[in-house]
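> What follows is a single structure, and I will ask about it in a moment.
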Amino acid sequence: MYPDDTHDVPVQRVVEVHQPTPYPPVVPVASPVVPVQPGTVPAVASIVLPDGRVVTGYAINPAQPEPVAAKPAVSRTAVNVALGGAGFLAVCGGLMLLTSFIAALTAFITQLIILAAVIFGGWIAVQIFSVNGHRAGGITFNIRRAVFKRNKFHG
């Protein structure tokens, strides 16, 4: 790539230095500022700096904040507490209905037992007190003519 043996004298180059030329200061012209709303946003905006210079450039749209995640109107904790309360009330109401049902069922069974006892007792009474009772295989006594003396039955 590079030659091995070069005895050339380094070349001196002339460097040209440029000095910036300052602008003469601009004297601001005092003119009344009348704020006017533009009908539309201009494509190129001009800004007057405090020292009177005018900077012209494209208008930059302001940075839009990132959209915040939409929060529900009611917090999740409040919804959970409300649902828990509704569930608790449903369980309590169900237990109360179950208790009422068991009490009603018990009363119904008790009434059926009493009804069966009354019907069976009536049937027995009809068998005992009937004049034309079933006479096969037993002795029928006429209780109206019977006499009870000292816990003994005399017919």
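> Just one of (1) modelled with pLDDT of 85 or more; (2) open to solvent by less than 100 Å² (accessible area, probe 1.4 Å); (3) not in a helix (DSSP H, G or I); (4) not charged (D, E, K, R) trips up A116, so point out which.
Of everything listed in (1) modelled with pLDDT of 85 or more; (2) open to solvent by less than 100 Å² (accessible area, probe 1.4 Å); (3) not in a helix (DSSP H, G or I); (4) not charged (D, E, K, R), A116 misses just condition (3).
> Turning to a different aspect of this structure: With the checklist (1) modelled with pLDDT under 85; (2) surrounded by fewer than 10 Cβ atoms within 10 Å (Cβ to Cβ) in hand, flag the one item R76 doesn't pass.
R76 satisfies every listed condition except (1).
> Now for a different question. Looking only at the range 45-63, which residues are modelled with pLDDT under 75 and open to solvent by 70 Å² or more (accessible area, probe 1.4 Å)? It would help to see each step written out before you state the result.
So the first thing to find is which residues in the range 45-63 are modelled with pLDDT under 75, and the list is 45, 58-62.
Within the range 45-63, Y58, I60, N61, P62 qualify.
> Next up: Please tell me if R135 is at positive phi, surrounded by fewer than 10 Cβ atoms within 10 Å (Cβ to Cβ) and modelled with pLDDT under 80.
Working: at positive phi: no; surrounded by fewer than 10 Cβ atoms within 10 Å (Cβ to Cβ): yes; modelled with pLDDT under 80: yes.
No; evaluated as a whole, the condition is false for this residue.
> Within the range 102-111, identify whether any single residue is open to solvent by less than 80 Å² (accessible area, probe 1.4 Å), aliphatic (A, V, I, L, M) and at pLDDT below 60, and answer yes or no.
Looking through the range 102-111, none of the residues is open to solvent by less than 80 Å² (accessible area, probe 1.4 Å), aliphatic (A, V, I, L, M) and at pLDDT below 60.
> Look through V36, V29 and report the one residue that is open to solvent by 90 Å² or more (accessible area, probe 1.4 Å), modelled with pLDDT of 65 or more and among the hydrophobic types (A, V, I, L, M, F, W, C). Walk me through it before giving the result.
Numbers: V36 fails: modelled with pLDDT of 65 or more.
Answer to the selection: V29.
The values are calculated or read from the model by the stated rules, or taken from the named source; none is laboratory data. Here the structure is a predicted model, which is why all the values come from computation and not from measurement. Please note: Cβ atoms are built from the backbone with ideal geometry, for glycine as well, and neighbour counts cover all protein chains shown. Areas reflect the complete protein model, heavy atoms only, side chains present, ligands, DNA and RNA absent. Shrake-Rupley method; radii C 1.70, N 1.55, O 1.52, S 1.80 Å.
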